[in-house]
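Everything on this sheet refers to the single structure shown next.
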Amino acid sequence: METFKLEDIYAILGNVTEVICDNAMFLCELDSVVGDGDHGTTIRRGVKAAQIKIDTEKPQQVDKLFAAYAMGMVSTMGGASGPIFSSMFLGMGMTTQGSEEVTLSHLVESFESGLARVMKIGKSAEGDKTLIDALAPGIRALKASSQAGESLGVALNKMHQAALEGIEVTKTLVANKGRSRYAGERGLGHQDAGATSVTLIIKCFAEQATKEA
């Protein structure tokens, strides 16, 4: 598989919903160390609403599909998580306007757009112990694969691996943003829940890209 078609994006988003729901309690456990312990239930509520929205509206363009999923998330997620996670999908939709399929170069632009929106809304950067610490290295790996002419599946698997490594890095960081920052050094040794969530999302893209390989 060298491109994602509309039906592939539907499959990816459906898997995102399923995987987040399956891991909601684990994400809450991670968040309970330094936060309110509700990250998993909050993002689960968001993806469920997002899934209902796309199943009901059935967008027939990639950009509108990403946008609908984003709007479903932000409509139900409270606090900072809603705008931050939905902005990632909204950013992805902005780079695929008018496209009937998504190439690797599209994905690089999409994830970069999503990251830019996340950083702007969250006023965060790499090293703050947030989802950015998994997403940013993942994007660098994806971009390097694209520049090297590697396949979609290889590129996304490398992105996923880089994101997993980013999760490990969060264990060494003291949070600078959100409620987690009040935990200070108590958060050392514990991985960030947001970084874990975004890595689960990336994995859904990688699995779809290799499904028919």
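Each residue in region 154-177 was checked for being over 17 Å from the mean Cα position of the chain (by Cα) and either free of Cβ contacts under 8 Å to residues at least 12 places away in the same chain or over 21 Å from residue 193 (Cα atoms) (or both), and 1 pass.
Criterion first (on the phi > 0 side of the Ramachandran plot and over 16 Å from the mean Cα position of the chain (by Cα)) does residue 64 satisfy it? No; evaluated as a whole, the condition is false for this residue.
Of the helices (runs of 4 or more DSSP H) lying entirely inside region 21-76, those containing at least 2 residues that are crowded, with 21+ Cβ neighbours inside 10 Å and in contact with a Pro (Cβ under 8 Å, 6 or more places away or on another chain) are 62-74.
All conditions in (1) charged (D, E, K, R); (2) at pLDDT below 95; (3) under 26 Å from residue 152 (Cα atoms) hold for residue 38, with the sole exception of (3). Return yes when residue 206 is assigned to a helix (DSSP H, G or I), among the small types (Gly, Ala, Ser), farther than 16 Å from residue 128 by Cβ and at pLDDT 90 or above and no when it is not. In short, yes. Restricting region 168-190 to residues that are buried (at least 21 other Cβ atoms within 10 Å of the Cβ) and within 23 Å of residue 46 (Cβ to Cβ), the residue that is modelled with the highest pLDDT is 170. Taking region 29-59 as the range and being touching a residue at least 24 places away in the same chain (Cβ under 8 Å), over 17 Å from the mean Cα position of the chain (by Cα) and more than 15 Å from residue 175 (Cα to Cα) as the test, only 54 passes. Do we have residue 139 as assigned to a helix (DSSP H, G or I), closer than 23 Å to residue 171 by Cα and in contact (Cβ under 8 Å) with a residue 60 or more places away in the chain here? It is false that residue 139 is assigned to a helix (DSSP H, G or I), closer than 23 Å to residue 171 by Cα and in contact (Cβ under 8 Å) with a residue 60 or more places away in the chain. Scanning region 82-112 for residues that are over 16 Å from residue 159 (Cα atoms), among the polar types (S, T, N, Q) and out of contact with any Lys or Arg (no Cβ under 7 Å at 6 or more places or on another chain) yields 86, 95, 96, 97, 99.
Go through (1) at pLDDT 95 or above; (2) charged (D, E, K, R); (3) crowded, with 20+ Cβ neighbours inside 10 Å for residue 158 and report which single condition fails. (3) is the only condition that residue 158 fails.
The values are calculated or read from the model by the stated rules, or taken from the named source; none is laboratory data. The model shown is predicted, which means the values in this text are computed figures rather than measured ones. In this analysis, Cβ positions are derived from the backbone assuming ideal geometry, glycine residues included, and neighbour counts consider all displayed protein chains.
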